[in-house]
Every structure is written in structure tokens, then in C-alpha cells.
Amino acid sequence: MAGQTAQSFFTPQEQARIEAAVRAAEARTSGEILPMVVDASYEYPRTEILAGGLLALALAATLSWIFGQASLWVFLPLFLLGYWPCTRLIRNLPDLKRRLIPAAELAAEVEERALLAFVEQGVHHTRDATGILILISLFERRVHVLADRGINQAVPKETWDEIVQLVTAGIRSGQACEALCAAIARCGDLLEEKFPRKADDTNELPDLILS
């Protein structure tokens, strides 16, 4: 995922395949499936501030010791001059920045972003409460699946863990499009069994969002 954005993560051809997979799955059910890719779930400014500050502190202390005999009046200007560049450096090194963030915090932010998208995109407003969001958050390298109440009453929670593992494994192996299409088809199977298509069904959600 290094250097990729949500807009470039899938090629136009892959985007078309994903949208076709959504349409095929939704043709069998009254449910709605929304795959979504975001650059990051959160900006993590605290990490930039703390890590950048510590880096600037170390550099200023080292340089003031070498060139200024550890003078405070040499250290302070060096620290102030180095603070902003160091925080920007952390921001521009996403692999390093991610390693500085606790795994629990990454997971919590992705879950919160999924909840926000669930509301923003109207997944919770489908007619039969049968919407499913599959969120891929690139910076965190995490996938989160969120289903509406109508589905969760009929489908065990462990099922969504299987979908997450399917997409995650595909991304790691360089087969993100194939894995996401397979996950969408699996969601279609689950929805078809519990929520078969109705004669007056309409497409209530987009087939893919790149944000």
C-alpha cells in the first residue's frame, strides 16, 4: 500500500470489476453492499507532535553538545528551528509513523471511521436495515466490516471476521481486487439466504466509494 491513495488503489478496470461484483450480489438480495476505500481513518496529530518533538529534542541536544558545549542558549534555537521540520518528517514517513502508533489506537480509529461512514453514506437508512459497509483504510492497513441491525440479527458476528480476513489476505498478497470481489460475493450469498430480492428493490447506495 506504500505511496498509494484511495483514488489510485484500484485501477479503473478493477473499479469496474468491483462495481460489477456489487451489482451482481445485490441482484440476488434486498440487501445493499458498499465497499469504501479511504486514505486514512485519522490524521494522528499527537504522534507527529510527540515523535517530531522527541526527534527535534535529540538533534538539538546532540548539536548543542557538539558545537555549543551543551549551552542552553544554543539548544533552544536549534530545538525551535528543528521542531517543525521534524514533525513534517514524521508525517511524510507513513511507515514509520504507523509503527509509532499503538495497534489498539489504529483499530479504534478505523472502527470509528467505519461508524462515521456508515452514517454519512446512509448505510443505516436502507429500507430493510440490510446494509453492509466494507471499509479499507490504507494508512492503518486495516479492513473493517459493519452490518446494519437487520443483518446482525440473522448473521453471526464471526462471519464478518471471515470477510475481514479474506480482504486483508488478498491485499497482502497483491490480489486486493480479487479478494474484495470475493468478499462482496460472500456477502451476497449471506444476504440472499436471509434477505432475498424483492420485486420492487432499488439500488439505494453507491457501488464503490474512493475517498
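The values are calculated or read from the model by the stated rules, or taken from the named source; none is laboratory data. Since the structure is predicted, the reported quantities are computational estimates derived from the model, not experimental observations. Neighbour counts run over all protein chains shown; Cβ positions are idealised from the backbone, glycine included. With ligands, DNA and RNA removed, areas are computed over all heavy atoms of the protein, side chains included. Shrake-Rupley method; radii C 1.70, N 1.55, O 1.52, S 1.80 Å.
Looking at region 108-124, which of the residues that are open to solvent by 40 Å² or more (accessible area, probe 1.4 Å) and without any contact (Cβ under 8 Å) to a residue 60 or more places away in the chain is farthest from Arg141 (Cα to Cα)?
Looking at residues that are open to solvent by 40 Å² or more (accessible area, probe 1.4 Å) and without any contact (Cβ under 8 Å) to a residue 60 or more places away in the chain, I get His124.
Does at least one position in region 87-97 carry a residue that is out of contact with any Asp or Glu (no Cβ under 7 Å at 6 or more places or on another chain) and farther than 21 Å from Gln4 by Cα?
no
Among the helices (runs of 4 or more DSSP H) confined wholly to region 1-93, which include 3 or more residues that are without any contact (Cβ under 8 Å) to a residue 24 or more places away in the chain, farther than 30 Å from Gln121 by Cα and open to solvent by less than 60 Å² (accessible area, probe 1.4 Å)?
45-67, 72-91
Could we say that Gly170 is open to solvent by less than 30 Å² (accessible area, probe 1.4 Å), in contact with an Asp or Glu (Cβ under 8 Å, 6 or more places away or on another chain) and more than 16 Å from Glu19 (Cβ to Cβ) here?
In short, yes.
List every residue pair whose Cβ atoms sit under 7 Å apart, with the two residues 6 or more apart in sequence or on different chains, where the first one lies in region 170-196 and is of a type in the set (Asp, Glu) and the second, anywhere, is in a helix (DSSP H, G or I).
Every condition considered, the pairs that remain are Glu178/Gly170.
Give just the number: which of (1) touching a strand residue (DSSP E or B) at 6+ places or on another chain (Cβ under 8 Å); (2) over 24 Å from Asp207 (Cβ atoms); (3) open to solvent by less than 20 Å² (accessible area, probe 1.4 Å); (4) hydrophobic (A, V, I, L, M, F, W, C) does Ile151 not satisfy?
The failed condition is (2).
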